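Q: Once you've had a glance at the structure underneath, I'll fire off some questions.
No lab work stands behind these numbers, since they all come straight from the coordinates. Just so you know, these numbers come straight off a predicted model, no measurement behind them. Please note: Cβ atoms are built from the backbone with ideal geometry, for glycine as well, and neighbour counts cover all protein chains shown.
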Ligand code: NDP
């Protein structure tokens, strides 16, 4: 292996500490701490694990965590009413509805109901629109975390060639928009892309968000490339990424491991977005770029 490891775990710990440092000053001005409401419908065990760790991280940052756990048979109307209540609650700065929802519920309608200014997941179309038009909004946590790791490693990204493999609304598309805003030349690849290695061979930055374990091969990469592996795949009880780590690490200049790369950044960015939402809602000044 010649690539340097990008330590997302340690970067995320630093980000969480920076978020926590801002909470007392916010509390001094407003008389309350920032609050994040998480809605988990039903008993899906994987989602329950995510929700528990989000709640724990929120409390560890000194913020308030509100957990709502409607039963799996909750109606669409009841769920929308819960979102309305959270939208109106002044103690709630961020609202997150854990996906996936049970099949009888319309996730799109639920996400559309969240006040865009409390949409700390950045999934509302208003925030997607703000991102591509360069307006302040909320950026989905996973691509935001990837961007932070890239800038930490590479500094100014201007002019670099980037390939984002995957075009989902929660990772690929916002990632491509963020890199475009940083003046990278961006290619978005997907399942219909012909000859993916051709594009990857020219890429200074590769972000893999495909959902297929060990998909991106080392001999597809440009030597020295920076590789961000978003993938979380469970294979034989172990977590693996979307990049074939061993072959990629012998060609890349730097690479994120799985686990310990992008994963910890997602929750840290959720806390960051909640802190930002709280400051914006209360009109308390915050240097958002310094967090
Ligand atoms: P989706 O399934 O929504 O999207 C996968 C994308 O990969 C699609 O755009 C698809 O193309 C593309 N794709 C599929 N097969 C190929 C192929 N053979 N060649 C090129 N592109 C292909 O996944 P997500 O974006 O939600 O997640 C991607 C990965 O990231 C998953 O492993 C997920 O677990 C992980 N993840 C990790 C997070 C974290 O916190 N670290 C958070 C969110 C996701 P098409 O559009 O044509 O179908």
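Q: Residues that are surrounded by fewer than 15 Cβ atoms within 10 Å (Cβ to Cβ), over 16 Å from residue 163 (Cα atoms) and out of contact with any helix residue (DSSP H, G or I) (no Cβ under 6 Å at 6 or more places or on another chain): does segment 216-235 have at least one?
A: Taking every residue of segment 216-235 in turn, at least one turns out to be surrounded by fewer than 15 Cβ atoms within 10 Å (Cβ to Cβ), over 16 Å from residue 163 (Cα atoms) and out of contact with any helix residue (DSSP H, G or I) (no Cβ under 6 Å at 6 or more places or on another chain).
Q: Tally up the residues in segment 146-175 that are within 21 Å of residue 257 (Cα to Cα), free of Cβ contacts under 8 Å to residues at least 60 places away in the same chain and within 14 Å of the ligand (Cβ to nearest atom), please.
A: Of the residues in that region, 7 qualify.
Q: Further, regarding this structure: Considering only segment 1-88, give the helices (runs of 4 or more DSSP H) lying wholly within it that have at least 3 residues that are touching a strand residue (DSSP E or B) at 6+ places or on another chain (Cβ under 8 Å).
A: 45-60, 76-88
Q: Based on what the data block shows, is residue 54 over 30 Å from residue 223 (Cβ atoms), in contact (Cβ under 8 Å) with a residue 24 or more places away in the chain, surrounded by 13 or more Cβ atoms within 10 Å (Cβ to Cβ) and under 24 Å from the mean Cα position of the chain (by Cα)?
A: When the stated conditions are applied, residue 54 passes them.
Q: Here is a follow-up. Among the listed residues 284, 276, 258, identify the single one that is away from the ligand (no atom under 16 Å from the Cβ) and not in a helix (DSSP H, G or I).
A: 284
Q: Checking residue 127 against (1) assigned to a helix (DSSP H, G or I); (2) within 17 Å of residue 41 (Cβ to Cβ); (3) touching a helix residue (DSSP H, G or I) at 6+ places or on another chain (Cβ under 7 Å), which single condition isn't satisfied?
A: Among (1) assigned to a helix (DSSP H, G or I); (2) within 17 Å of residue 41 (Cβ to Cβ); (3) touching a helix residue (DSSP H, G or I) at 6+ places or on another chain (Cβ under 7 Å), the lone unmet condition for residue 127 is (2).
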